[in-house]
Structures are given as structure tokens and as C-alpha cells.
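Notes follow the structure.
What follows draws every value from the coordinates through simple rules; no lab data is involved. Keep in mind that this is a model prediction, so the values were computed, not measured. Counting neighbours? That spans all protein chains shown, and the Cβs are built from the backbone with ideal geometry, glycine included.
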Amino acid sequence: MALSSSNTYPDQTAKDETIGFGRKLKIAIIGTGGIANAHIGAYKKMPDVEIVAGADLIPGKAEAFFKKHGLEGVRCYNSDAELFASEHDLDGVSICTYNCQHAPCAIHALDAGVNVMLEKPFTVTTEEAVEVMRAEKRSGKILTIGFQPRFDLNMQMIKKICESGELGKIYYIQTGGGRRRGIPTPSGTTFIQKDTAGIGALGDIGCYSLDMVLNAIGYPRPLTVTGFKSDYFGKNPATYVGRGHPEYADVFGVDDFAAAFIRLEGDIFLDFRISWAMNMDTPGDTIILGTKAGLRIPSTDCWNGTVGGPMKIYHEVAGEQVETVIPIIEDRSGMTLFDKKIRSFLDAIIDPSKGAPVPSSQILYNQAIIDGIAKSDAAGREIRIEIPEI
Ligand SMILES: NC(=O)c1ccc[n+]([C@@H]2O[C@H](COP(=O)([O-])OP(=O)(O)OC[C@H]3O[C@@H](n4cnc5c(N)ncnc54)[C@H](O)[C@@H]3O)[C@@H](O)[C@H]2O)c1
């Protein structure tokens, strides 16, 4: 049996029966909006995949989506519940619904015994993430969260630098990023309404910034948080006039800016801010301070899944203060980050001993920080981050 690695496509010249299970993997897509296009694009490149089913709450949307992508015979349903009531031999599902529908869809899928690729953010609240993880535990299936920047070689370099000991003991991290004006309304208001998105900049791009640094330092448990969030731009009709939709301000129900100070296990302090809209170009680069050296990671055009320029290590050599530039690493694999994200999911289905490429046990802490910021903001004070047992 020829197994593929997550950095290569399976051998396209091999017969299907030599790949994976000895048959094609049966995949479904739930939620056929914007990001589902990236999922289906990657699945279509994989010779060991057959897309057999899909669902969307909007009648006719799933049918039109698969037709647009040139796929015939895909069975379409009007909800995740309908899909799982009828489909009994799925190997995996991509859940591409808006944030508030991540938890219910993931729980349905896992309870149906189906491996799950769940788009980011994990969920809206910590409690939802815990419920999804309980379903994951019951099912014994793979649950991976869709953080494609994990597959970027420069992101991987950040982790290598932190793990190498080059920085010494890491004690302070400043991270985050943001846009001057960039409240996303690509498909109407699903990113900005409370009942669909649940969280705004925090869940859309904040989760990436947190993952970049937390993954690099081994995901220490978050202990306390002082958080603040605001919606000054989202609630202002002037923000949307250029897009011809001033009425979007009336339905804006999430954060467009957030900042927090988070205490992590291991005496590490995380200073974080994220923005969809502000009167500033960038809130600054990511910096990781250690006792032996510091690392500067230039901020990105929030968020394209990589670093914004060459990184720099600030350290001392023979008593002199010097800087070492880490050149940008080019990816010559020919695969996009999305291809790698989908391939790693398929590889984990084929060989579950590989485990989830982006495990829920890590992203639970990411979610607990995001949720902690919202809870601290509501309480108006620092709060202890409580994470229930799974
Ligand atoms: N990884 C990335 O780069 C990336 C980029 C954009 C969006 N996302 C994430 O993807 C998710 C979706 O974003 P989008 O832009 O595609 O949103 P969207 O609003 O365009 O699409 C979501 C679709 O899900 C459908 N849906 C919701 N609940 C459903 C259910 N229970 N059953 C069936 N269909 C259901 C909606 O009808 C809608 O068509 C968000 O959580 C977002 O954070 C990830």
C-alpha cells in the first residue's frame, strides 16, 4: 500500500487501488459558501478522493456549488442533519459553515463516525469546543482544525527557532495584527452577525496570530486574561458606504478590535491585539523575547498565512550585540497551503496513528483565550481561564 506524505500528492500515476484504503476516500462538504471553494479545489487535486455528498442550509446552493465545480452526481442536502441521516459510508467531511455552526455540525459528524476537517476558528466558546472534543473522544475519529498557515515553511521555522533553545527562556510575546479597514463582508453579513459569526476579528484572524506563537512554544496552558474588545467601526454606517451597504452597521454584532494580556503556564506573558478596522496601519510586528535572544517576525497583510518579511534574531556574539536575518524560505513543493492542509487530513484518515495534523487539544487553548477575552471584557476585569475536563 502506498501511503502519501503530507507534503506530496499521492503518486498520480499509481492505480487508485494502490492509494490509501485501496479505494477512493468518500468525502462530503458541509456549508458551500466562500471557503468551500478552497476545500473542493484541493480535494479535486487528490486522486484518492471522491466527493460524494454536500449540504447547505440555503436551498439549491449546494447543487449550484458542485455544478460550478464540474462535479456530477454529488448527493445534496439542506442541512448537516439531513446529510448524516442518509450518508452512512463517509470517510471524511469538511465543515465550512459559519462559526456558530461549527460545533453542532462537528458533533453530528463525529457522532456519525465520520472524520472531520473543521474550519477555523474551532468554535465560538470554550464550552462548545469542549463538547466537540467529547464527541471526538466518543467517536475515536480524527478531528483536525483548519489552520493552513501551519504548513507554511516560514511558520514552521518560527517553531524550529523557539524549540532550538536559541532564544533561551521565552518570557514575553507580543503578537497580533490587523487591518486599517478590512471588515469582511464577502458573502453578505455572515462574518459580522452575532447569530452566524459569534465572534469577529478575534475568531477570523486573531486565532491565526495566537496559533503562530502558541504552536511555536508548545501551546502552554493559558491561566488568566485581561481582555477588551470594541465595535466602533463595525457599528458605524460610514464604514460600509463605499460598499453600498450602510445597513450592515445595523446587524454588526461582533468585535472589530480586541486586545488582551494573557498569563501562560511557564511564566510567559502574551500581549495580543487584533483588528479588522482601526486608525493605524499595523499594531506592530510579532516579537518573542527570550533570555538569550529575541525574535522579530514582521507583520503580514493580515492574514495571508506567512510572515511579512525576513525574520531577525537579536542576540550577542562575543559580547557584541548583533542581528541575524532569517531569509524567507521558498516552498518548492508545488502544493498550496490549502492542498497541504487537505492532504494532511486525508493522510490521517488513511493512517490514524499519525493523529490529527492540527489537534483539538492544542486549539482548545487558542479558543479559551479568545473566549476569555470576551468574558473578561464583559466582566470588566481580569479573569481566570477555566477549561472543563473533556
Ligand atoms: N481557512 C481559511 O483561510 C478561511 C478563510 C475564510 C473563511 N474561513 C472560515 O470558514 C467558515 C465559513 O466561511 P465562509 O466565508 O465560507 O462563509 P459563508 O457564509 O460564505 O458560507 C457558509 C455556508 O455555510 C452554510 N451553513 C451554515 N450552517 C449550515 C448547516 N448546519 N448545514 C449546512 N450548511 C450550513 C451557510 O448557508 C453558508 O452557505 C468560517 O468559519 C470562516 O472563519 C476560513
| said: Below 11 angstrom from the Cβ of S376, what's the summed charge of the other residues (Lys, Arg +1; Asp, Glu -1)? | reply: +1
| request: Restrict the search to the range 200-270; then list the chymotrypsin sites (Phe, Trp or Tyr not before Pro) that DSSP places in a loop and that have at most 11 other Cβ atoms within 10 Å of their Cβ. | output: none
| said: Relative contact order for the chain: what percent, with Cα pairs under 8 Å and sequence separation of 6 or more? | reply: 20
| said: Net charge within 15 Å of T239 by Cβ-Cβ distance, Lys/Arg positive one each and Asp/Glu negative one each, not counting T239 itself? | reply: 0
| query | What dipole magnitude, in Debye to the nearest 20, does the chain give about its Cα centre under +1 on Lys/Arg Cβ and -1 on Asp/Glu Cβ? | reply | 300
| Around L25, which amide H atoms from residues at least 5 apart in sequence, or from another chain, sit under 5 Å from its own amide H, with H modelled in the peptide plane? | V49, E50
| Sequence-distant residues sharing a close amide H with T286 (under 5 Å, placed H) | I297, S299
| If we count every other residue with Cβ under 9 angstrom of Q174's Cβ, Lys/Arg +1 and Asp/Glu -1, where does the sum land? | -1
| task | Mind jotting down the distance between the C-alpha centroids of the range 302-317 and the range 61-121, whole Å? | result | 37
| task | Among R150, R134, R381, rank each residue by its count of other Cβ atoms within 10 Å, from fewest to most, as a rough exposure measure. | result | R381, R134, R150
| note | Karplus ³J(HN,Hα) for the range 269-282 (6.51 cos²θ - 1.76 cosθ + 1.60, θ = phi - 60°; Hz, whole; x = Gly/Pro) runs 10, 10, 10, 9, 8, 9, 9, 8, 7, 6, 8, 6, 6, 8
| query | Amide H to amide H under 5 Å from R181: which residues, 5+ apart in sequence or cross-chain, H placed 1.01 Å off N in plane? | reply | M278
| said: Springs between alpha-carbon pairs under 10 angstrom, Gaussian network model over the chain: which of I274, I313, I329 fluctuates most? | reply: I329
| Roughly what % antiparallel, to the nearest 5, for the DSSP beta bridges in the chain? | 55
| query | Which one of A258, A112, A197 has the biggest mean-square fluctuation once the chain is modelled by GNM with Cα springs under 10 Å? | reply | A112
| Under the Karplus relation 6.51 cos²θ - 1.76 cosθ + 1.60, θ = phi - 60°, what is the ordered set of whole-Hz ³J(HN,Hα) values for the range 114-130, x standing for Gly and Pro? | 10, 5, 10, 9, 9, 4, 7, x, 3, 8, 9, 10, 5, 4, 5, 4, 5
| remark: Charge dipole of the range 218-339 built from unit charges on the beta carbon (Lys, Arg +1; Asp, Glu -1), centred at mean Cα; most positive-end Cα among L223, T291, V241 is L223
| remark: Taking Rh as the Kirkwood radius computed over alpha-carbon pairs of the chain and applying Stokes-Einstein at 37 °C with viscosity 0.692 mPa s, one gets a diffusion coefficient in µm² s⁻¹ of 151
| request: Between A36, A379, A53, find the one with the highest GNM mean-square fluctuation for the chain; connect C-alpha pairs within less than 10 Å. | output: A379
| request: Return the sequence-ordered ³J(HN,Hα) values of the range 306-317 in whole Hz as given by the Karplus equation 6.51 cos²θ - 1.76 cosθ + 1.60 applied to θ = phi - 60°, using x for Gly and Pro. | output: 8, 7, x, x, x, 7, 9, 9, 9, 8, 10, 10
| 26 Å Cα-Cα threshold exceeded, pairs from K68/K235; K141/K229; K292/K341; K194/K229; K169/K340 | K68/K235; K141/K229; K292/K341; K169/K340
| For E330, E166, order by how many other beta-carbon atoms lie within 10 Å, fewest first | E330, E166
| said: What translational diffusion coefficient, to the nearest whole µm²/s, does the range 153-330 have by Stokes-Einstein, given a Kirkwood radius computed over alpha-carbon pairs, a temperature of 4 °C and 1.567 mPa s viscosity? | reply: 75
